[in-house]
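Novice: I have a structure here, written as structure tokens, and I will follow up with some questions on it.
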2 protein chains.
Amino acid sequence: VKLLSLARDLQRRKARERHGLFVAEGVRAVEELLRSPLSVRGALAAPSLASHARGAGVREALAARGVPVTDVEEREFDSAADTESPQGVLAIGVVPARTLADLTLPATARLLLLDGIQDPGNLGTILRTAIAFDFDAVVALPGTVDFWNAKVVRSAAGALFHHPPVPASWEELDEMLEATHTVIWAADAGGDSIDTISHGDLPPRLALAVSNEGAGLSAEARHRVARAVGIPISPEIDSLNVAIAAGILMHRLRS
Amino acid sequence: VKLLSLARDLQRRKARERHGLFVAEGVRAVEELLRSPLSVRGALAAPSLASHARGAGVREALAARGVPVTDVEEREFDSAADTESPQGVLAIGVVPARTLADLTLPATARLLLLDGIQDPGNLGTILRTAIAFDFDAVVALPGTVDFWNAKVVRSAAGALFHHPPVPASWEELDEMLEATHTVIWAADAGGDSIDTISHGDLPPRLALAVSNEGAGLSAEARHRVARAVGIPISPEIDSLNVAIAAGILMHRLRS
């Protein structure tokens, strides 16, 4: 019952931040969590788990990692689950306490800065793309949706557990960028065309900032940016989806 | 009542295909539909429309275009709506009867071929990106999700109404490609790296095929492809999201 009320509580961002915990729902997310280096506090299982092809395997994996499992009724389980088909299993994981100070940047480094990205559906895609293009870290700045909400966790499970984004304030970022001689470039429709930038123009350590499509660069981002870069598009379209723009720019700017 | 039962019926793909009609839900989608060249058969309104800031404006626009409006109870309206917050208005539009034979390709042309893309969330994004990069048409091949389902319509409204994708069989595509000397390249993780392909290597008329991330290229696509092109990624990630891969390739291959 304690795990049940904890899982329910963790549906709220404030509770996740206070406890430093998150919920991974569904068979695949729980499997990914158990394979990751993150700590697992406990798990809830409902009778429906038994009807999933990998249900028994998940139970064994939980037992093998010594994770306490509480069995609950289907209805109780559903009250703690956030996604539509939670498959009768969820696990409570510990949010990794990684900060900017823990990052060690190589001589040539790439960071992705998320400046108030609001749509959870884009977050997981952006994170996976950053890993695909060998970015050294993804930094979640103020105003960005919580990476540890159930929907992002479920869609980005493996990427999120192995490469958790680093939350930071602008002041923490300033310190880190100065200490590491890292330069910020920002995605901005009105910026220099990415098509005209050659690889030789790139600073050795580069942080690319991407923003909410509607709101654009925040004031905090704008006055820290060394160069704005944009992707020329047809006037028929207002803007590219932020995950698409970030993907094209990360592909071009990768080290 | 007739419009109500028609709208309910149009929740099923088969009914949309039989009637050649689709449903646009919500204030923005209906506004976009009324601004587009597509024909509008009728509209349903519920009392909740009155509480939307642009509700009265939508009613006026419907009247100005001579669209018959049926007022229904909230509960009836909800039974015909597919999305979660339909905002008390939906309109029934006519699917444009555009075929490959209607396309006139310029000397340098770019087509995007959708080979069994399954996720509706990606479709709208891919369509918007194709328009942004001035692709001449998007062709929906067998196995691709219906562009006219309510979720895609709502997310891609403007793009979809002004640049409707063209449905085609592989045989229809063969004819058209042969007649227009258009060459198919396909996105494939194992293909030639897109980073090594220069603009001078591109055929004047090029159709880029993109497929379901999980399933990969269909057999039908595979034996028609002149060249496979891929985006090198870290081994830590299985594959890029299909909309991201399509975006990066369209940006590189645009004319």
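The values are calculated or read from the model by the stated rules, or taken from the named source; none is laboratory data. These numbers were taken from a predicted model, which means no experiment stands behind them. Please note: Cβ atoms are built from the backbone with ideal geometry, for glycine as well, and neighbour counts cover all protein chains shown. Accessible surface areas use protein heavy atoms only, side chains included; no ligands, DNA or RNA. Shrake-Rupley method; radii C 1.70, N 1.55, O 1.52, S 1.80 Å.
Novice: Could you compute the FRET efficiency for A:ASP192 and B:VAL183, with r as their C-beta to C-beta distance and R0 at 30 Å, rounded to 0.05?
Specialist: Values: r = 32 Å, r/R0 = 1.08.
Between A:ASP192 and B:VAL183 the formula returns 0.40.
Novice: Using a 7 Å offset from Cα along the direction of the beta-carbon, what are the separations from B:HIS181 to the same position in each other copy, nm, ascending?
Specialist: 5.3
Novice: So, one more: Taking the Cα centre of each part, how many Å lie between the range A:173-234 and the range A:1-72?
Specialist: 39 Å
Novice: Continuing with the same structure: Suppose we compare each residue of the range B:234-251 in its chain alone and in the full protein complex with a 1.4 Å probe; which ones drop by at least 20 Å² of accessible area?
Specialist: Buried by the other chains: B:SER234, B:GLU236, B:ILE237, B:LEU240, B:ASN241, B:ILE244, B:ILE248, B:HIS251.
Novice: Further question: Among the aspartates and glutamates, select those whose C-alpha is under 15 Å from the C-alpha of A:LYS14, and discard any that sit fewer than 8 residues away in the same chain.
Specialist: Here the aspartates and glutamates satisfying the reach criterion relative to A:LYS14 are A:ASP146.
Novice: Need the list of aspartates and glutamates near A:LYS2 for cross-linking: C-alpha distance under 20 angstrom, and skip anything on the same chain fewer than eight residues off.
Specialist: A:GLU17, A:GLU25, A:ASP71, A:GLU73, A:GLU74, A:GLU76, A:ASP78, A:ASP82
Novice: Also: Could you order the peptides B:94-100, B:74-80, B:6-12 from most to least packed, using the average number of other C-beta atoms within 10 Å per residue?
Specialist: Per-residue mean Cβ counts within 10 Å order the peptides as B:6-12, B:74-80, B:94-100.
Novice: Under a Cβ-only charge scheme (Lys and Arg +1, Asp and Glu -1), can you give me the dipole magnitude of the range B:80-152 about the Cα centre, in debye to the nearest 20?
Specialist: The dipole magnitude comes to about 120 debye.
Novice: Still on this model: Per residue of B:133-140, count partner chain C-beta atoms within 10 Å of its C-beta, then hand back the mean as an integer.
Specialist: If you average over the peptide's residues, the count of other-chain Cβ atoms is 2.
Novice: Take every residue in peptide B:123-129, count the Cβ atoms of other chains within 10 Å of its Cβ, and give the average of those counts.
Specialist: Values: counts 0, 1, 7, 2, 1, 8, 8.
Shielding by partners across B:123-129 averages 4.
Novice: About its Cα centre, what dipole magnitude does the range A:106-255 give when the only charges are +1 on Lys and Arg Cβ and -1 on Asp and Glu Cβ, stated in debye to the nearest 20?
Specialist: Roughly 440 debye, rounded to the nearest 20.
Novice: Now, a different point. Express the carbon and sulfur contribution to the solvent-accessible surface of the range B:116-226 as a percent, rounded to the nearest whole number, probe 1.4 angstrom.
Specialist: Carbon and sulfur together cover 51 percent of it.
Novice: Rounded to the nearest 100 Å², what is the buried accessible area between A and B, both sides summed, probe 1.4 Å?
Specialist: Details: alone 12180 and 12160 Å², together 22190 Å².
Heavy-atom accessible area buried at this interface is about 2100 Å².
Novice: For the charge dipole of the protein assembly as shown, defined by +1 on Lys and Arg C-beta atoms and -1 on Asp and Glu C-beta atoms about the Cα centroid, which residue among A:SER198, A:HIS19, A:GLY216 has the Cα displaced farthest towards the positive pole?
Specialist: Of the listed residues, the answer is A:HIS19.
Novice: Any chance you could give the angle, 0 to 90 degrees and rounded to 10, that helix B:55-64 forms with the longest Cα principal axis of chain B?
Specialist: Relative to chain B, helix B:55-64 is tipped by roughly 90 degrees.
Novice: In Å and from the alpha-carbon atoms only, list the Rg and Dmax of the range B:105-156.
Specialist: My reading of the Cα-based Rg and Dmax gives 11.3, 36 Å.
Novice: Could you work out how far the C-alpha centroid of the range A:77-97 sits from that of the range B:93-114, in angstrom?
Specialist: 45 Å
Novice: Using only the alpha carbon atoms of chain B, find the Kirkwood hydrodynamic radius as the inverse mean reciprocal pair distance, in angstroms to one decimal.
Specialist: Averaging 1/r across every pair of different Cα atoms and inverting gives 19.4 Å.
Novice: Take the Cα gyration tensor of the protein assembly as shown, multiply each eigenvalue by 5, square-root it, and list the three semi-axes largest first, rounded to whole angstrom.
Specialist: Whole-Å semi-axes of the equivalent ellipsoid: 37, 32, 24.
Novice: So, with +1 on the Cβ of K and R and -1 on the Cβ of D and E, and no other charges, what is the size of the charge dipole of the protein assembly as shown about its Cα centre, to the nearest 20 debye?
Specialist: Using Cβ point charges on Lys, Arg, Asp and Glu, the protein assembly as shown gives about 500 debye.
Novice: I would also like to ask the following. Shielding by partners for A:90-102, please: the mean number of other protein chain Cβ atoms within 10 Å of each residue's Cβ.
Specialist: 0
Novice: Among A:GLY57, A:GLY230, A:PRO86, pick out the residue whose Cα is farthest towards the positive end of the charge dipole of chain A, where Lys and Arg carry +1 and Asp and Glu carry -1 on C-beta, about the Cα centre.
Specialist: Checked the options; the winner is A:GLY57.
Novice: Separate question: How much accessible area per residue does the range A:52-171 have, counting only protein heavy atoms and a probe of 1.4 Å, in square angstrom?
Specialist: 40 Å²
Novice: Taking just the alpha carbons, could you work out the radius of gyration and Dmax for the range B:30-97, both in angstroms?
Specialist: 11.5, 36
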